[in-house]
Amino acid sequence: MRFPRIARVAVASLAVVLTSSLLSPAAQAGTDPKHRKKQVDSSITRLESDLEDTSAELSSAYLRLRGVQAKLPGAQAELATAQHRLDAARERDRQLAQQLKVAQAQEGKATDDLAATAASTRDTTATLGTIARQAYQTGGVGELSVALQAQSADDFAQRVAFVDTAMQLQGQALAQLQVDRAQTAAKQARLTAVRQQIALLKAQAAANVVKAQQLEQAAAAAKARVESLIRQQAAEVRTISARKAAEKQRLDALQAEQRKLQAQLAAIARAEKLAAARAAARAAARARASRQHRSTSSPPSSGSSSSSSSGSFLSRPVNGAWVSSEFGMRFHPILHYWRLHAGMDFAVACGTPVHAAASGRVISAGWGGGYGNRIVVGHGIERGVSLATTYNHLSRIVVSGGSVSRGELIGYSGTTGSSTGCHLHFETYENGTPVNPRRWLNP
């Protein structure tokens with residue numbers, strides 16, 4: 001059976017998914033592109049073969065399911081990456097907030113320290129002003145002035161002690177003023193650096209907020225994609241489950257139709273072999289009678305057979321077509337059982353002329369259930385077996401009975417019966433049993 005056209009569209013979509021999966025960076029690193037393409041093509045071909053004879057609806061549902069299953073791991077990995085990046089952005093936000101809190105505390109302390117130093121500077125400056133005013137008012141504090149102004153020896157001693165104290169205070173005030181000025185410069189620089197750090201942290205925090213918002217949106221989109229794929233997966237599983245029973249019945253009917261044909265061809269084979277045996281017996285009797293009446297003998301002539309031991313007996317039923325599906329067992333990926341694909345599928349457009357593969361007699365021509373419009377041609381005894389060929393899913397039949405010659409037009413390819421894709425399903429039977437057509441076909 002030709003793979004359904006609707007399902008082939010789904011296969012094409014699945015091919016994109018599989019190709020994208022195989023073309024991931026990890027795959028690209030270790031696989032040649034031509035080899036990857038060959039792997040994808042092989043996967044699609046196997047999938048098409050596995051779904052032979054399956055209804056278009058069920059095939060499409062299964063292929064959609066496979067497509068979802070192919071996408072889901074990538075979507076889940078994308079979600080995990082997005083969530084990891086979002087968590088990292090949130091952790092960075094927490095770190096920046098902590099750093100900003102520390103910096104702001106340092107700013108407050110630096111501001112207080114600078115204010116305290118400024119106050120100390122003002123006090124020192126005031127002290128120096130007071131000393132200067134007193135010196136001016138008393139006419140200076142030199143030793144000569146002190147000696148001239150002293151009224152007595154005790155007064156002189158007191159004045160000298162006052163002068164020493166004033167000089168010490170003045171020296172201390174000047175030293176403190178220098179210290180205050182140096183501290184003011186250092187603390188101002190520290191405050192400026194802290195404020196610059198705060199400005200930088202605030203800018204980083206603002207940028208991180210934007211980044212976190214973007215990552216949050218990406219994570220939400222990735223999560224929504226995963227959830228959507230999971231819903232699609234569940235929906236396709238429900239669709240497949242709901243159609244399984246009907247599909248099983250349809251395939252059972254197709255197999256019943258094939259068993260019916262096999263029984264018919266087996267009966268014909270028995271009749272042909274019996275007729276051949278009787279004809280051979282009559283021929284042998286005539287030969288014996290002929291020899292008895294001969295007065296002289298002649299060297300026996302050697303017989304020959306026109307049939308070769310393998311192949312080369314049947315001509316291809318359609319011209320210029322390639323084989324899209326071979327004869328052989330198939331495992332149904334949905335119903336999970338093995339079944340025989342009992343012929344070869346030739347990929348041709350609908351309406352392509354179909355010719356008799358060899359001369360023979362039309363056994364039947366008409367509707368064949370799941371096989372659609374079908375022609376069955378018997379070719380008699382060949383290589384010791386009763387050989388028959390069938391031509392299925394025809395759009396039109398142009399013979400109804402009688403004999404046909406090799407290469408004679410018998411119908412046109414189509415997509416009738418259990419098929420939605422134009423092709424010719426060609427079968428060969430030996431004694432009613434389906435066999436690989438390649439055993440009889442010309443290469």
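As a size descriptor, the averaged projected area of the C-alpha convex hull of the stretch 311-439 was calculated at 7.6 nm². A crude spin-label estimate for the pair HIS336 and ARG383, with each label 7 Å from Cα along the Cβ direction, gives 3.9 nm. Please report how far the C-alpha centroid of the stretch 383-404 lies from that of the stretch 246-286, rounded to the nearest whole angstrom. If we compute the Cα centre of each part, the gap is 14 Å.
Taking 7 Å steps out from each Cα toward its Cβ at ASN442 and THR165 produces label points 13.8 nm apart. Cross-linked pairs LYS109/LYS211; LYS202/LYS223; LYS109/LYS202: Cα-Cα separations exceed 26 Å for LYS109/LYS211; LYS202/LYS223.
Remark: the stretch 311-439 carries a charge dipole of roughly 40 debye about the Cα centre, counting +1 on each Lys and Arg Cβ and -1 on each Asp and Glu Cβ.
Values quoted throughout were computed directly from the atomic coordinates according to the rules given, and no laboratory measurement underlies them. As the structure is a prediction and not an experimental result, all values here were calculated from the model. In this analysis, Cβ positions are derived from the backbone assuming ideal geometry, glycine residues included, and neighbour counts consider all displayed protein chains.
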